[in-house]
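Comments concern the structure below.
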Amino acid sequence: MTNQDDLFKKIVAHAKEYGFIFPSSEIYDGLAAVYDYGQLGVELKNNIKQAWWRSMVQLHENIVGLDSAIFMHPRIWKASGHVDAFNDPLIDNRDSKKRYRADVLIEDHIAKIEDKIEKEVEKGRKRFGDSFNEKQFRATNQRVIEHQHQIDEIHEKYADCMNRNDLDGLKQMILDLGIVCPRSGTRNWTDVRQFNLMFATKMGSVIDDSDTLYLRPETAQGIFVNFLNVQKSGRMKIPFGIAQIGKAFRNEIVARQFIFRMREFEQMEMQFFVRPGTELEWFNHWKEERLQWHLSFGIPAENYRYHDHEKLAHYANAATDIEFRFPFGFKELEGIHSRTDYDLSRHSEFSGKKLQYFDSEINESYTPYVIETSIGVDRTFLAIFSNSFKEEKLEDGSLRTVLSLPVRLAPYKIAVLPLVKKDGLPEKAREIVSILKNDWMVQYDEKDAIGRRYRRQDAIGTPYCITVDNNTLDDETVTIRHRDNMLQERVNISQLPSFFREKIK
Ligand code: ATP
């Protein structure tokens, strides 16, 4: 097991131990790829959603919110293309009975070749020492060139199979590359089949008469079908956006990596409607603005990167992902897509209703173009939670686990701790709680020695602890302990509201 695997296990265990995330239906042995947010998890998650809503809706005059239903008319998913094309290619191994995504097996194979390249580079670095020129080495080393050539060839074949929907070709690739099942180690593969990721259900009490409904696999379609309602009732002028936070459901074939890939998850999406021809300008604008939002949490910039799509969906004319360095490597956190007029045109066609906008500035009616920003709440949670998790060795040799969450996202901002459970200290501490609790999430804790209570607050990410001691009764001062550097300072009780107003913005 690598250090990173080990770290990830610790993060998952920590999330459970402190009430952030539990496996769903645990007393019934769980439900695959479904999770529940516990008493602290729900606070952190709500704070993430609030931060997004505030930055997108509250701070933009021309973006409004929406909360559309999860159930929608079945034809919506025909129009959007999800019934026909929201598929993953799956393949089973007959010996292990395990199911895989064919594209992921091929990607994992490519990752192994990339590892070989990195090993060559490391060898080179050791051999040449200070004079090592990595760029030149990558461009000229024979082994590296051969590996890269292999990768390019696989990419090309793979893209060709996917574009032509050639499932036999995909299987042949898996056989030709000698890919074995990680579980059984054999090449005893079934054919590749397409698998639709939408969950279907029925509406109505008489099953025979009922229509098949789908649990929405994204929140975006609820925005498109309400485009005219919002535009007209809100007298919105282009360019404008509609934002929505809500649950989405995907029957993922392989759901691994904790809350990174779930079957029930939450999205925060914004569709920005623009005049045709200006879409690439807006695409670049949102690409930059969304990265700035991530950076505003204070997580180092080197943990984020753009991944521009070379192969675009047929309706898109630009697309990029913001990737985050999760404990298991760089992976997609948010997608920014220039979707042209595809969605509104399709809904016009399927509904028979004209979904257009009259632009009084140029005296013209048109179908607006759309820039979409689409981010998973749960992936954002995982990014922030895993980045905040630290084990520190203290001067006295002991270990402290600290969750250095951005202050504005922490479930509790302040803990109030009477030093001992007597002499009127609990009563004084409760008074302080009542002064602060209208403005901030405050926790009162009197159980165990003060050192253990500090550790517990560190582990759940509380940025400030207030300790009430015997001096407090004499001079109305308390100690404030800071989570990240463990420094303590003495502050007058009457100064606490202004102190925290300054610190917690
Ligand atoms: P992936 O390639 O990882 O499956 P995707 O490209 O299908 O993701 P989108 O359809 O662009 O994802 O969805 C937008 C966002 O929704 C993603 O960036 C991600 O944060 C989130 N998301 C998508 N699928 C899941 C899932 N199964 N579990 C958790 N979050 C998800």
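Some points to look at:
- Converting phi to 3J(HN,Hα) with the Karplus coefficients 6.51, -1.76 and 1.60 and the offset θ = phi - 60°, the stretch 212-224 yields 7, 10, 10, 6, 4, x, 7, 8, 4, 5, x, 6, 4 Hz in sequence order, with x at every glycine or proline.
- Entries in K10/K331; K112/K171; K98/K390 that, when Cα-Cα distance is taken, lie over 26 Å: K98/K390
- Extension gain, N471 to E431: 0.36 nm times the residue separation minus the Cα-Cα distance gives 12.8 nm.
- The charge dipole of the stretch 412-503, taken about the Cα centre with unit charges on the Cβ atoms of Lys, Arg (+1) and Asp, Glu (-1), comes to about 400 debye, rounded to the nearest 20.
- Share of carbon and sulfur in the accessible heavy-atom surface of the chain [1.4 Å probe, %]: 48 percent
- Extension gain for K422-E288 works out to 42.7 nm (0.36 nm per residue, less the C-alpha to C-alpha distance).
- Between L295 and A85, the distance separating the two model label sites (each 7 Å from Cα on the Cα→Cβ line) works out to 3.4 nm.
- Farthest positive-ward along the chain dipole, Cα basis, beta-carbon charges - from F258, Y304, Y214: F258
- Relative packing of peptides 401-413, 34-46 - highest average C-beta neighbours within 10 Å first: 401-413, 34-46
- Principal-axis tilt of helix 41-53 within the chain, Cα atoms, nearest 10 degrees: 70 degrees
- Cα-based values for the stretch 1-157, radius of gyration first and Dmax second, are 23.8, 65 Å.
- At R0 = 35 Å, FRET efficiency that the Cβ-Cβ distance of H73 and V254 yields, to 0.05: 0.70
- With all pairs of separate Cα atoms included, the stretch 377-424 yields a Kirkwood hydrodynamic radius of 13.5 Å.
- Of the GluC sites (Glu not before Pro) in the stretch 218-325, the ones in a loop by DSSP (not H, G, I, E or B) with at most 13 other beta carbons within 10 Å are E310.
- Separation between Cα centres of the stretch 400-428 and the stretch 26-52, rounded to whole Å: 23 Å
- Relative contact order computed over the stretch 227-354 (Cα-Cα under 8 Å; 6+ residues apart), in percent: 16 percent
- Computed over the chain: relative contact order in percent, which uses C-alpha pairs under 8 Å that are six or more apart: 13 percent
- Cβ-based charge dipole, the stretch 431-498, positive-most Cα from T477, S498, G451: G451
- Residue-averaged 222 nm ellipticity for the chain, from DSSP H runs of 4+ at -39500 (n - 2.57), nearest 500: -11500 deg cm²/dmol
- In straight-distance terms, cross-link reach from K119 covers every one of the lysines whose alpha-carbon lies under 18 Å from its own, apart from those fewer than eight places away in the same chain; here that gives K135.
- Bridges between two residues of the stretch 412-503, per DSSP, are antiparallel at a rate of about 55%.
- Lysines whose Cα lies under 21 Å from that of K428, excluding same-chain neighbours fewer than 8 positions away: K413, K437, K447
- Radius of gyration over Kirkwood radius for the stretch 87-196, both on Cα atoms: the Rg/Rh ratio is 1.10.
- Accessible area of the chain divided out per residue, in Å², using a probe of 1.4 angstrom: 52 Å²
The values are calculated or read from the model by the stated rules, or taken from the named source; none is laboratory data. These numbers come from a predicted model, not from an experiment. Note that each Cβ is placed from the backbone with ideal geometry, even for glycine, and that neighbours are counted across all protein chains shown. The area values use the complete protein model at the heavy-atom level, side chains included, leaving out ligands, DNA and RNA. Shrake-Rupley method; radii C 1.70, N 1.55, O 1.52, S 1.80 Å.
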